[in-house]
1. What label, among (1) 3, 16, 27, 23, 21, 8, 2, 0; (2) 3, 15, 20, 18, 13, 10, 8, 6, 4, 1, 0; (3) 4, 21, 22, 16, 12, 10, 8, 5, 2, 0, belongs to P(r) over Cα pairs in 5 Å bins from 0, in percent computed from the structure on display?
2. In Å², and per residue, what accessible area does the chain have when probed at 1.4 Å with the other protein chains present?
3. What's the angle, to the nearest 10 degrees (0 to 90), between helix 8-35's Cα axis and the longest principal axis of the chain?
4. Of all accessible surface on the chain at a 1.4 Å probe, what whole percent is carbon and sulfur?
5. Between L33 and K8, what length in nm is gained on full extension when 0.36 nm per residue of separation is reduced by their alpha carbon distance?
6. Give the lysines reachable from K63 as a straight Cα distance under 22 Å; neighbours fewer than 8 places away on the same chain don't count.
7. For S65 and F52 in one chain, what is 0.36 nm times their gap in residues minus the Cα-Cα distance, to one decimal in nm?
8. Under 17 Å from a point placed 7 Å out from the Cα of M45 along the Cα-to-Cβ direction: which residues of segment 21-38 have their backbone N that close?
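The values are calculated or read from the model by the stated rules, or taken from the named source; none is laboratory data. The structure displayed is predicted, hence computed values, not measured ones. Methodologically, a virtual Cβ is constructed for each residue, glycine included, from the backbone with ideal geometry; neighbour enumeration extends over all protein chains shown. For the accessible areas, the whole protein counts, side chains as well, though only heavy atoms, and no ligand, DNA or RNA atoms are used. Shrake-Rupley method; radii C 1.70, N 1.55, O 1.52, S 1.80 Å.
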Amino acid sequence: MGIFVNDKAWNLKQVRDRQENGEWHLKRAQEALKKGDMSAYNDHMARSKPYFKEAEDYRRAAKLSTK
C-alpha cells in the first residue's frame, strides 16, 4: 500500500473495491475448475490473492483513521 490516507470512508471504499475484484477472480476460478481448466483456475486464484491482501491493508488503515 505505501501511503496512509487518514480518511475512514475512503479506506472502506478501497476495501470494497479490492474485495469485489478478488471475489470476481474467485468466481472465475470456480468456473474454470468446473470446466477442468486448471491453468485458468490457478491464474485466477493467484490474481485474487493480492486483492484480498490489499483489502486487509485498507481495512487496517480504516481502523487507524481519525477522520
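1. Looking at P(r) over Cα pairs in 5 Å bins from 0, in percent for this model, the match is (3).
2. On the way: 4840 Å² over 67 residues.
I get 72 Å² per residue for this part.
3. The angle comes out at about 10 degrees.
4. Numbers: 2590 of 4840 Å².
So the carbon and sulfur contribution to the accessible surface is 54 percent.
5. Working: separation 25, 0.36 × 25 = 9.00 nm, distance 3.71 nm.
Additional length available on full extension: 5.3 nm.
6. Straight-line reach from K63, under 22 Å: K8, K13, K49, K53.
7. Values: separation 13, 0.36 × 13 = 4.68 nm, distance 1.98 nm.
Contour length minus the Cα-Cα distance gives 2.7 nm.
8. Output list for this probe position: 22-38.
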